[in-house]
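Worksheet for the structure shown next.
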Amino acid sequence: MAVAVFSKPNSHIVRSPNGDQNLWRSISADPAFKIVLPTVRPRFLAVFISSRSGDIEPKVYFNSGLGFSEKNSRPCAIGKDFIILLDVGPVGSRFPARIDPLDSEGEFFFEASAFATRQILHDWIEARTRANPGIIVQNFGKSLMGIKVAWRHRDAYCTVTARDYCTALYSYAAKIQIPLEPSLQSEPWLSIVTPTHNTPIEYLSDLLKSFLEQECNGVEIILSDDGSTESRTQRYLESVCSNANVRVVRCKENKGISAATNAGLANARGKWVTFLDHDDLIAPHALKVIKSAIELHPDANFFYTDELIVDRNLRASGLMLKPAFDRVLLTGVNYINHFSIYKRDLVEQIGALRSPFDGSQDYDLLLRYLNLLEDNEVRHIPFPAYWWRQTGESYSAKYLERATQNARRAIAESLAAPDSIPTVGPALTETLHRVEFGECSAAHSKISIIIPSRDNFRLISRILDDIYNKTDYSNFEVIVVDNGSQDSKVLELYQRYTSRESNFFALVNAADFNFSRAVNLGMAKASGEHYLLLNNDLEVLDRSWLKELVTCLEFAETGIVGAKLVYPNGRLQHAGVIVGYGGLAGHWFINKARDFGGPMNRLHLRNSVSCVTGAVMLISHDCAKAVGAWDEVNFPIAYNDVDYCLRAKKAGFRIVWTPFASLIHHESVSRGSDEEPTRKARFHREQENLRRLHQTSNYADRTTHEGYSTDRSEPRLILPKDLLPVR
C-alpha cells in the first residue's frame, strides 16, 4: 500500500523536474515530510530514501500525541540509501511520524509504503537489499501513539551472524593469487608448531585436514608429541609422517606444554613461526591471507589475526574481532592470542617458552617478544584465520587459578623497571588483570583541576566537596573558570573556599560560554605538573579515582587519561569515544548496564582509545605543551574534546581509558537545550568542522574493528564487502 506524504509548511521542497513524483529537491535547510495514514491501517511502515547529492543523515520524529518534538525524535546513520522501518500499529494517529531526510540542500528519492504483515514486509526488504547490498536498514520498532515512544535499538532485518561474516571473508580470500613457493627442501617461509599429548585422533584429523587444504606452499606443520601414552594417538602420528609438509617430533617423556613446544620449535625451519593448539583448526585460505600480509608489510616483525570460536562439532558460536595493537589492553588480557606469527630468530633470542609459566606460556612469550618491538612493527590482520574449538579441556581451563597467577607474574616481569616491579591483581573480571604501579613517580605529581562553571549552586558545591573531602589524592589545586555567575550562593561559596583553601581559585568573568576558552584560561592560571578537566555536574564514587587517573600516566607515551562515567540511574555513560561513529564521534556502549564488559570484557580493563570525554580528562604537561591551546574558534562547545584528543594522537601521545576511576555524570544538567535555533546552528557548524579537520566521515578507529558498524553506540556485525586492510 502506498502511503500519502506531504511536506511540512515552509520546508521549501519541490518536486524534481524529471516527472518522477517520488524525486524531490530541497532548496533550503531542514526539509521534512509528514506521513499520512488512515486511523485503521496496515501495521508496518517502510520508508525508502536515496540521496542523489552525497551523504545524508535522516531523522525520524514520532507523534507523542502532542505533535512532533525533538524529545521524541531519533537520528539515523549517515549514508546515501536507507530503509526506515516503523511499527505504527493497526490503529492510531493519522500522522504517526515525520521524517526529515537531510538538513541541507540536495536532491533525494522519497517513497513510503505500508504492509499488513511482517512476512510481506520482510519479502519487500529482501528484494530491496538484494538490489542494493549497501543500503542501511534502520528499524525503529513501535511508536506507541499518545503514550510513550519506544525505540528499539536493534535491526531485526539486518542481523549478520558470525558464520555469515566469516563466509563472506573466506570467499574473498579464496580469490587471492600468490606465487608458488619452492619445495620444502629449501627453507619454508612458515613453521606451525603444535604440541600434542594423547590428543583424540578426530581432533588431529580435523587439524591436519585444515592445514592440507590451505593451497599455500612453503609451509610446514610440526606435531611435537609430549610423550603420548594413548596407542591411537601414537599410531595416528606415525601414519602422517609420510606427508612432506608434516613432521612429527617425539619427546620420550611428558614434560609439559612449553617443553613440547620448544622441542618442536628446535626443529622448525621457517623464517616465521606460529603456534597452534592440538584441538583447534586453521580457517580456509588463512595462510594465503597471512602470506599476503607479510609481503605487504616487510617492515613488520609480528602479526596477529582474528578468531572464530567453534564448538566441538565446529559450529560457529562467536567471534573475536580484535582492536589494533594496544599495549595497555595487553596488560589486562591476552587479547592477541591466536594466530600470533613471530620471527623465529627473535623467539629463539629470548629463550622461547618457559615451563614455569605453563598455562599462560603463550602470554609470557608474547609479552617478552613484544618488548623487543616498536608499535609500528606489529600488524593486526582483521581476518578470522584461527578456529578456536572451545572444549573446556585445555590446560588453562583445567588449572585456571595457576594459569591466572602465571599470567600475572609474566605481566609484572614485562613491566619491571630497574628499581621497581609492579604488582598485578584482579580487574573487574576476577580472572583478568590490573597492574598496580605502587608509589610511582606520577602519583606524587601536582594536579591542576580546572572546572568550567556558572551558577547552579547544587552542582558546583557537590563537586568541590567531593574533591576536598571524598578524594584520597592531596597534591592538587582547583581552578574554577566561571563565565559570570549571578547566584549569590555560588559567589559566597567561592569566597569561603578562597579564604579556607590555599589551593582554590575562582576566575569569574561574564562572557558567553565557550568551553575551549574556559580550559585555556584555566591552564594559563595552573601551576600543576598535569591538568585535569572536570565538569561541574560530576559526583565522586570512589576515593581513589584521581590516584587511578594519575597512575595511568605510567603507561608509555600516555598523554591523556579518561574515566568511566555512569548516569545517576547507574547505566553506562562514558567508556571511551569512538571516532567515526555516525560520521562524527560517539560514546561506546552508552546506556548499557554499569558492569557491562563489552567485547572480550574490555570495559573491565584499561584500554588505549582514540578519544575520551572532556568531562573528565587528565592531560599530561608534555601533551599540553605539544598539542597547544584548545580550539576556541572551531569548537567552542561541542567536539572540542574529540579535536584535542585527535591532535594529541597525531603528536604521538597515547589516550587511556580506565574503568577503575568511576564517577556519576549528571550530563548537561546545567546547560540549555541544544535544539534552540542559534545553538542548533552552532552545533551543526561544529559537526562540519570536525568532519573537515579530521575526516571523521571515513575515520577507521583503531580502538574497534571494521567488522562492526559505526551507526550506533552498540555496534553490530556488518557483512564485509572485501578483505579488510591490515593495520
* Asked: Considering only protein heavy atoms and a 1.4 Å probe, what is the carbon-and-sulfur percentage of the accessible area of the stretch 166-260?
  -> 49 percent
* Asked: Cα axis of helix 361-370 to longest principal axis of the chain: angle in degrees, 0 to 90, nearest 10?
  -> 70 degrees
* Using the Cα centre as the reference, give the magnitude of the dipole from point charges on the C-beta atoms of the stretch 482-535 (Lys, Arg: +1; Asp, Glu: -1; all else neutral), rounded to the nearest 20 debye. => 60 debye
* To do: Just reorder Tyr567, Tyr644 by solvent-accessible area, largest first, 1.4 Å probe, all chains present.
  => Tyr567, Tyr644
* Asked: What aspartates and glutamates sit close enough to Lys525 to cross-link, taking a C-alpha to C-alpha distance under 15 Å and skipping anything fewer than 8 places away on the same chain?
  -> Glu477, Asp482
* Asked: Which Cα, out of Leu287, Val249, Pro200, lies furthest along the positive dipole direction of the stretch 189-344 (beta carbon charges, K/R +1, D/E -1)?
  -> Val249
* Structure fact -> Quotient of Cα radius of gyration and Kirkwood radius for the chain, i.e. Rg/Rh, equals 1.01
* Structure fact -> Along the dipole axis of the stretch 284-397 (charges at Cβ: +1 for Lys and Arg, -1 for Asp and Glu; origin at the Cα centre), the most positive-end residue among Phe302, Asn376, Ser317 is Ser317
* Residues with amide H under 5 Å from that of Arg434, placed H, sequence gap 5 or more -> Gly425, Ala427
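Averaging sequence separations of C-alpha pairs under 8 Å and six or more residues apart, then dividing by the length of the chain, give the relative contact order as a whole percent. Walk me through the intermediate numbers first.
Values: 1566 pairs, mean separation 74.4, N = 727.
With pairs under 8 Å counted, the relative contact order is 10 percent.
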* Asked: Quick one: what does P(r) look like for the stretch 493-593 with 10 Å bins over all Cα pairs, in whole %?
  -> 11, 31, 40, 17, 2
* Let me know the whole percent of all Cα-Cα pairs from the stretch 576-727 that are separated by more than 21 Å. => 50 percent
* Structure fact -> Rounded to whole Å², per residue accessible area for the stretch 602-727 with a 1.4 Å probe reads 40 Å²
* Mind ranking Cys241, Cys623 by accessible surface for me, highest first, 1.4 Å probe? => Cys241, Cys623
* **Residue-span extension gain [Glu105 to Ser697] - 0.36 nm each, minus C-alpha spacing** => 211.2 nm
* What figure in square angstrom, to the nearest 10, would you give for the accessible area of Arg409 with a 1.4 Å probe? -> 100 Å²
* To do: Compute the normalised compactness of the stretch 370-527: alpha-carbon radius of gyration over 2.2 N^0.38 Å, N being the residue count.
  => 1.61
* With DNA, RNA and ligands ignored, accessible area of Glu202 (1.4 Å probe; Å², nearest 10) -> 100 Å²
* To do: Calculate how steeply helix 162-173 sits against the longest principal axis of the alpha-carbon atoms of the chain, using the helix alpha-carbon long axis, and give the answer as 0 to 90 degrees to the nearest 10.
  => 70 degrees
* Asked: At a probe radius of 1.4 Å, what is the per-residue accessible area of Trp545, in Å² to the nearest 10?
  -> 0 Å²
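Say R0 is 51 Å: what FRET efficiency, to the nearest 0.05, do Ala131 and Ala511 get from their beta-carbon distance?
It comes to 0.40.
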* **Kirkwood Rh in Å, taken over the stretch 594-642 so that all alpha-carbon pairs contribute** => 13.3 Å
* Asked: Of all accessible surface on the stretch 330-394 at a 1.4 Å probe, what whole percent is carbon and sulfur?
  -> 45 percent
* 5 angstrom amide H check on Ala661, placed H, neighbours 5+ away -> Lys564
* **Rh by Kirkwood over Cα pairs, then Stokes-Einstein D for the stretch 258-413 at 0.692 mPa s and 37 °C, µm²/s** => 204 µm²/s
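Counting each DSSP H run of 4 or more residues in the chain as -39500 (n - 2.57), what helix-only mean residue ellipticity at 222 nm follows after dividing by all residues, to the nearest 500 deg cm²/dmol? Working shown, then result.
Working: 18 runs with 188 residues, N = 727.
Helices in the chain give a 222 nm mean residue ellipticity of -7500 deg cm²/dmol.
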* Using Cα pairs closer than 8 Å and at least 6 residues apart in sequence, work out the relative contact order for the stretch 198-336, in percent. => 24 percent
* **Val160 versus Thr117: modelled label distance in nm, points set 7 Å from Cα along the beta carbon direction** => 3.1 nm
* Give the Cα extents of the stretch 424-492 along the principal axes, in whole Å, largest first. => 51, 27, 19
* Structure fact -> Rounded to the nearest 10 degrees, the helix 457-469 long axis (Cα) sits at an angle to the longest Cα principal axis of the chain of 40 degrees
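Averaged per residue, what accessible area in Å² does the stretch 264-395 show with a 1.4 Å probe, protein chains only?
Value returned for the stretch 264-395: 32 Å² of accessible area per residue.
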* **Zero-based 5 Å bins, Cα pair distances in the stretch 72-137, whole percents** => 3, 11, 24, 23, 22, 12, 4, 0
* Compare Lys322, Lys59, Lys721 by solvent-accessible area with a 1.4 Å probe and give them largest first, with all protein chains kept in place. => Lys721, Lys59, Lys322
* **Per-pair calculated FRET efficiency, R0 = 51 Å: Ala417 and Leu491 via Cβ, rounded to 0.05** => 0.60
* Asked: lysines near Lys255 by alpha-carbon distance under 21 Å, same-chain residues fewer than 8 away left out - which ones?
  -> Lys398
* Asked: Using a basic spin-label model with each label point 7 Å from the Cα along Cα→Cβ, how many nm lie between Ser205 and Arg458?
  -> 7.0 nm
* To do: Would you please state the base-10 log of I(q)/I(0) at q = 0.20, 0.23 1/Å for the stretch 163-245, with intensities from the Debye formula using one equal scatterer on every alpha carbon?
  => -1.00, -1.13
* To do: Could you calculate, for the stretch 322-395, the ratio of the Cα radius of gyration to the Kirkwood radius, expressed as Rg to Rh?
  => 0.95
* Any idea what the dipole of the stretch 179-327 comes to, in debye rounded to 20, about its Cα centre with Lys/Arg Cβ at +1 and Asp/Glu Cβ at -1? -> 240 debye
* Structure fact -> So, with points 7 Å from each Cα along the Cβ direction, the Ala681-Asn22 label distance in nm works out to 3.6 nm
* Spin-label zone in the stretch 34-60 - amide nitrogen under 20 Å from a point set 7 Å from the Cα of Trp124 along the C-beta vector -> 34-51, 58-60
* **the stretch 170-253 - accessible surface per residue (Å², probe 1.4 Å)** => 51 Å²
* Structure fact -> Between the alpha carbon centres of the stretch 532-546 and the stretch 306-324 the gap in Å comes to 38 Å
* To do: Please report, in debye to the nearest 20, how large the charge dipole of the chain is about its Cα centre when each Lys and Arg carries +1 at its beta carbon and each Asp and Glu carries -1 there.
  => 1660 debye
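The values are calculated or read from the model by the stated rules, or taken from the named source; none is laboratory data. Because the structure is a prediction, the values reported are computed rather than measured. Heads up, the Cβs are rebuilt from the backbone with ideal geometry, glycines too, and the neighbour counts pull from every protein chain shown. Surface areas here come from the heavy atoms of the whole protein model, side chains and all, with no ligands, DNA or RNA. Shrake-Rupley method; radii C 1.70, N 1.55, O 1.52, S 1.80 Å.
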